[in-house]
Structures are given as structure tokens and as C-alpha cells.
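Below is one structure, written out as C-alpha cells; comments come after it.
The values are calculated or read from the model by the stated rules, or taken from the named source; none is laboratory data. It should be emphasised that the depicted structure is a prediction, and the values quoted were computed from it without experimental measurement. We place every Cβ from the backbone using ideal geometry, glycine too, and count neighbours over all the protein chains shown.
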Amino acid sequence: MGRTFSVEEINTRVRNTIQSRHPVIGVSASSGLVGKASEAGGADFIVLYSTGRSRVMGQGTRLIGDANTVTYNMHEELWAVVDDTPIIVGVDANDIFNWDLHKLLKKFQAVGVSGIIHNPMIGIYGGEYVKIRTAIGHGFDREILLTEMAKDMGMYCMAYTWTKEETVAMTKAGSHCIIPHVGGTGGGLTAIPHKSVEDCVKIINSLIATAKSVNPDVLCLAHGGPFKDPESVLDIYRYTDAQGYIGASSVERTPVENAVMGAVKAFKSVPLRRM
């Protein structure tokens, strides 16, 4: 059964990983099976996204249902099988049915979560949409407020960012971990078109430098785009200052697709007994 980690316990865990010269790895786990296997594989974080539910349903990553309720209900399944890894949950800061963010965070805190990340996140829709929603009080500012509140409540905070302005804001809000997001992850049966490695490396380095200029001690990881498997993720460590990687589709979708396809093909290739 799961346990709750303090911010200092998570920071110590992260420092030990880096000092051992290994990357910090967070994985999306939208089922108990993926969570249990991820912990056995050595994940530093289990990150629970409502959007991840669509991946294990065989769909591409997409919004699904009432995000906070979906996340809350999924947490129990992970809590039952993840024993010694921090569980970070995605919280929708713009959920009109849970507008009281303090109350919402207390609800998640009460069931043992160790931290939060803003998800679904408005930044993925691009700058113009962010401006429109933020102008009416339903935007990125709410995600910043969520992070500030969670940090003040003693929760570990992670944040996806797409621009320098967002990176500055989330780092100042107290996020312990900044994750430059370079778009949907390629690969697999529902691959998403993405930027080149060269373009993504420039974005990652720019946002990491921005975060470090605000807080030199902030943990910086990377996510998305062409970085879809261990081989391609090597380019993150070769060409950027990221200290690790967050895997979503690259952990709970494409490896499952490949494993199941391989198993079925292997079973199919066994000949029937000669009559």
C-alpha cells in the first residue's frame, strides 16, 4: 500500500538519484499494473494524469470526463499496489465544479498524494488560447495559484511550461520541478507529429536556463516530442541540461502496444499440430 512523502523526502530521493549519475524518471501510470511495474523498474515518481486514462483505453492522449474526479478515482487503484514511490497527481485548476482550489487540494491530500502537477494544462493549446482563457479568469493564472497553494500546503509541485514567461511564473510560484514540454510524444500506433530534435533541444535549454535564473536549485526534466524511447531520450542528456525525463505515452502506451503485438504475433506463429 502507498505512503505519503514529504517534500524533503522527495528532494533527498532526487538528489540521491542524480548523485548516482542516473536520470530522474517520472512515469505516467493510469492503471495499477503500470504503476506496480513502474515502481519495480525504479521510477522516481508515479505521475497520475486523467488524460492517461485515454491512453490505456487505446485512444490517443485526450481529455476524458471530469478530470479531477477521474484522477481521484484512479488514485485508489495505484495506492493499493505502489508501496514506496511518491504519487504525484494531475489537478485541473480550471474545473468549474471544484473552483475552491484549497478544498480540492485538501481532498487529494486526505487520500495520501505526495504532490501535484497542473493537468489538464491550458498551455498545451498555445499562446492565443491561453490569453483568451486567462483574460476571463479561467487560464494559466489559476494553474499558478494551484501551485502556490499546494506548495504552501507542503505538497511537492511539478509544472509543465512552454514559454519563458510561464517558466518564470511557475518557478516563482514555488514549483520544485520544471518540465519543458515540447509537444505530444511520437511513436506507437497513435503517434503525434512533432518538432525536430534540434528544435526541441533549443526549447528545452532555453526554458531550463530561464528556470535556473529564478531558482538555481530547481529540478528540470523534459517531456514529449521526438523523445519517445530510451534511445531517443539519450539526446536530451547529450544536448541539454535536463536531469531526467517524464514519460507518459512512452511508458504506458507504446511499450504495451509493442509487447502485446509481439506476444500475439508469437502465439500466431506457432503452427498447429500436424493432423
Got at least one residue in segment 163-173 being free of Cβ contacts under 8 Å to residues at least 24 places away in the same chain, over 22 Å from ALA248 (Cα atoms) and either among the acidic types (Asp, Glu) or crowded, with 16+ Cβ neighbours inside 10 Å (or both)? yes
Considering only residues that are out of contact with any Ser or Thr (no Cβ under 9 Å at 6 or more places or on another chain) and β-branched (Val, Ile, Thr), look in segment 45-97 and name the one that is nearest to GLU257 (Cα to Cα). VAL81
Helices (runs of 4 or more DSSP H) wholly inside segment 1-90 that include at least 2 residues being closer than 28 Å to LEU234 by Cα and charged (D, E, K, R): 7-19, 32-40, 52-56
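If you go through segment 130-152 one residue at a time, do you hit one that is hydrophobic (A, V, I, L, M, F, W, C), out of contact with any helix residue (DSSP H, G or I) (no Cβ under 7 Å at 6 or more places or on another chain) and in contact (Cβ under 8 Å) with a residue 24 or more places away in the chain?
No, segment 130-152 contains no residue that is hydrophobic (A, V, I, L, M, F, W, C), out of contact with any helix residue (DSSP H, G or I) (no Cβ under 7 Å at 6 or more places or on another chain) and in contact (Cβ under 8 Å) with a residue 24 or more places away in the chain.
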Out of the residues in segment 103-150 that are among the aliphatic types (A, V, I, L, M), buried (at least 16 other Cβ atoms within 10 Å of the Cβ) and farther than 21 Å from THR167 by Cα, state the one that is farthest from the chain's Cα centre (by Cα). LEU104
Considering only segment 151-177, how many residues are over 18 Å from the mean Cα position of the chain (by Cα), in a loop (DSSP other than H, G, I, E, B) and not hydrophobic (A, V, I, L, M, F, W, C)? 1
Search segment 17-48 for residues being in contact (Cβ under 8 Å) with a residue 12 or more places away in the chain and among the hydroxyl-bearing types (Ser, Thr, Tyr), and hand back the single one that is surrounded by the most Cβ atoms within 10 Å (Cβ to Cβ). SER28
Test result for GLY154, at pLDDT 95 or above and at positive phi: yes
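Restricting to helices (runs of 4 or more DSSP H) lying wholly in segment 178-275: which have 3 or more residues that are without any contact (Cβ under 8 Å) to a residue 40 or more places away in the chain? Break it down stepwise before answering.
Numbers: elements: 197-214, 230-239, 249-252, 254-269.
Correct list: 197-214, 230-239, 254-269.
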